[in-house]
Structures are given as C-alpha cells and as structure tokens.
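The values are calculated or read from the model by the stated rules, or taken from the named source; none is laboratory data. As the structure is a computational prediction, the values presented were derived from the model and not from experiment. When we count neighbours, we look across all protein chains shown, and the Cβ atoms used for this are built from the backbone with ideal geometry, even at glycine.
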Amino acid sequence: MPQPLAKPPIPSPSTGTTFKVAMGILVVFLLLQLIAAIWHFLPQLQRNLVERALAANPAPPAPIAVPSTPAPAAPIPSPLTKAPTPPQQPAIDNEVQQRIITLVQESDKSFRVGEYDEALSKITDADQLVPKDPGILLRIGRIYEKMGKSADAAAIYNRVLNLPNLPQQLRAQTERRLTMLSAPTPASTPTLVANEQGSDVRDEFGLQPGATLGIVDTRFTDEANGSKNLLIAIKSRPDIKIDPRQMTVHVFFYERDQAGNKSLTESKVLTEWLSPPVNWSEQEPELLRATYNPPLPSDANATNLAYEGYVVGIYYNNEIQDTRANPGSLADDNPLPLYLKSQTK
C-alpha cells in the first residue's frame, strides 16, 4: 500500500526590511540604556571600592600638629637692664612736658621785654629737662646774642649744628645766625628803617619768640607838606585765630627842642588801617599807617621843635607782643609798659 506523502514543512516567512530596521533600533536603544546605567553607577562603584580598600588597609593616623611657642616681642629684661615703664609713667612724662612748655613760654616772655637774665635762667632749666633740643638751644644762643656774649652764642650754635638728624630748616637758620655773629653790623637793611630797634632776633615766621603778633616790616616816608608817614606791617602767628578786639597798637612820635630835650609830640597823630577787615584770616600781614603832622608855625615854640623819632608797641590780651623804635635810644629812654593797665590792677 503506498505510503502517504509527507506534508511539506511550513515555509518560514521571509524577513522583511522593516523587521530588520526595528531590531537594529532596539539593539542600539538597549546598548544606550546599558551605557547610561554604567555611567550613572560607576562613580558610586569606585567610591565603594576605595572604601573597601581603605577598610582592608587602614592608613596610619596623621601626626598632631603641635603649635610652636611664639617668639617674644622683646627680650625679658634681666635685673641689670632697665625695667619696663610702669603704668603711671605717662602721667609723669606729661607733667615734665608741661613743665618744659611753661619754662619756654616764660623765657620767651622775659626775652620780649628785655629781661635776658630771667629768660636765660628759665630756658636753661628747660635745657636740663630735655637736653639737645634744637629749639631750646637756639633760644639760649639768641639770648647770649642779646647779652653781648657772642662767643657763648657761637658755641651754642655749633652745638646745634652737630646734632644728629637736624632738620634742614633749623640748620639753615643756625648757620645764618652763626654767620651774622662774625659779620659786621650793617648800617641799614633793605626792608627796615636804619637804626631801628626791635628788628633783630626773629623766628622763622618773623615774630618775636612766643609772640602771637609781631611787626614784620616798617616804611617811613616824608611827605611834601612836611608830614611823615609810618607804614607798619603786622603779622600773626600761623594757625592762631586773632580776636581784633584784643589787639592794640600804640604809636608815639617824639620831638626835640633846640636844647636837645626830647618829648612826646602834642601834634595830632592819625592812624588808619589800609587792609580792612583787620582779622588776619588769610595769614597775611595787616597794614597800619600812622601819620605825624609837625606843629603849625602859629603854635607856641613850634619853630623850636623838630621831629625826633617814633616808638611803636603792639599788645594782645593786654600783654606786649612786639616793639619798634627809631632811633633805638627812644625805646630805652621811653620804655613801653609790659602790660596795659587792665592787667596791672
């Protein structure tokens, strides 16, 4: 009996292009997902591996840093060295400093009024408290000059020049004073009236030592009508506010008769400020003009009187600040009061 024919196998469907493309995309997507997962978990995996390695082989503990002992700011004084300044020392220093200031001020005041022995005594006491101070030494030399002790003044000025770190301004001032000691006294100076007393020994501001106001220049002229004008330049010390109400200027003109007697003029003297307002607010000198009118011919004995000279005094807070006189003998014969009456009660 014949065998039945076997059924042919079911034919497998042919793989189409679309299926291939889809499978390729799926494979690529799976690979990307795998890469992303590895990228995300790789750092954590590395940290875990490091921690396990450290746990298996622990590192030795780091040494503890011991801070070094700081160096002392200054060596500890031994019993032979000078002990540190006690807390109360600044008060003592301030007291000594105030004493020095007082001595200098009193010396300057005595110098201005011609009491040179007293001025020298005060400034010498200050020199003992603070030796080698150029300002004090210059004052001592200046007093020696006024006392006529040129050799002593020169010795002091040479001491100043030998001081270390002397400021250039003080050096120039000292050298100038030393030069003037060896130079002959001029008959006149370009900016001052000849033979005028009170124009020497000035500080760097052109003022008397310690004075608040001073005469820095004078001009004396003869007018055609026979009157005489005295122009006075008055300067204040820098950085000091001046109260004009506390300032007074006294101008005295003197005459001489045929017998040579000198007396204060009875003629009218006019004074006028040429630079109002007078307040020294700009640190510039204020100008005062004083006019002397000779006696009229009709006055008794007018023909027997001749102009002799003048004496000028500046007061501030009723205390004399500066004087000028021409000729200088007038100041010696007619000294101005050191204080006005309101302070001599």
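So, in the stretch 310-327, how many residues would count as being surrounded by 21 or more Cβ atoms within 10 Å (Cβ to Cβ) and among the charged types (D, E, K, R)? Result for the stretch 310-327: 2. For the stretch 111-132, the candidate set comprises residues that are surrounded by 15 or more Cβ atoms within 10 Å (Cβ to Cβ) and within 24 Å of the chain's Cα centre (by Cα); within that set, the residue that is farthest from L338 (Cα to Cα) is V130.
Mind listing whichever residues of the stretch 280-289 are within 28 Å of the chain's Cα centre (by Cα) and surrounded by 13 or more Cβ atoms within 10 Å (Cβ to Cβ)? If the condition is that a residue be within 28 Å of the chain's Cα centre (by Cα) and surrounded by 13 or more Cβ atoms within 10 Å (Cβ to Cβ), then W280, P285, E286, L287 are the ones that fit. Just so you know, in the stretch 212-253 the residues that are basic (K, R) and surrounded by fewer than 16 Cβ atoms within 10 Å (Cβ to Cβ) include one that is nearest to A306 (Cα to Cα), and it is R219. Report, by residue number, each residue of the stretch 256-273 that is surrounded by 12 or more Cβ atoms within 10 Å (Cβ to Cβ), farther than 14 Å from N304 by Cβ and of a type outside the set (S, T, Y). Once the filter is applied, which keeps residues that are surrounded by 12 or more Cβ atoms within 10 Å (Cβ to Cβ), farther than 14 Å from N304 by Cβ and of a type outside the set (S, T, Y), the stretch 256-273 yields L264, V269, L270, W273. So, in the stretch 113-171, how many residues would count as being part of a loop (DSSP other than H, G, I, E, B) and of a type in the set (G, A, S)? Of the residues in that region, 2 qualify.
Does Q258 satisfy the condition of being touching a strand residue (DSSP E or B) at 6+ places or on another chain (Cβ under 7 Å), of a type in the set (S, T, N, Q) and either in the same structural domain as A224 (by TED's automatic domain parsing) or outside any strand (DSSP E or B) (or both)?
no
Could you tell me whether the stretch 292-305 includes any residue that is in contact (Cβ under 8 Å) with a residue 60 or more places away in the chain, in contact with a Phe, Trp or Tyr (Cβ under 7 Å, 6 or more places away or on another chain) and farther than 26 Å from A211 by Cα? Checked against the condition, which is being in contact (Cβ under 8 Å) with a residue 60 or more places away in the chain, in contact with a Phe, Trp or Tyr (Cβ under 7 Å, 6 or more places away or on another chain) and farther than 26 Å from A211 by Cα, the stretch 292-305 yields at least one hit. Considering A211, A233, the condition of being in a strand (DSSP E or B), at pLDDT 80 or above, among the hydrophobic types (A, V, I, L, M, F, W, C) and in contact with an Asp or Glu (Cβ under 7 Å, 6 or more places away or on another chain) is satisfied by A233 alone. Of the residues Y315, Y310, Y292, the single one that is farther than 21 Å from K228 by Cβ and at pLDDT 90 or above is Y315.
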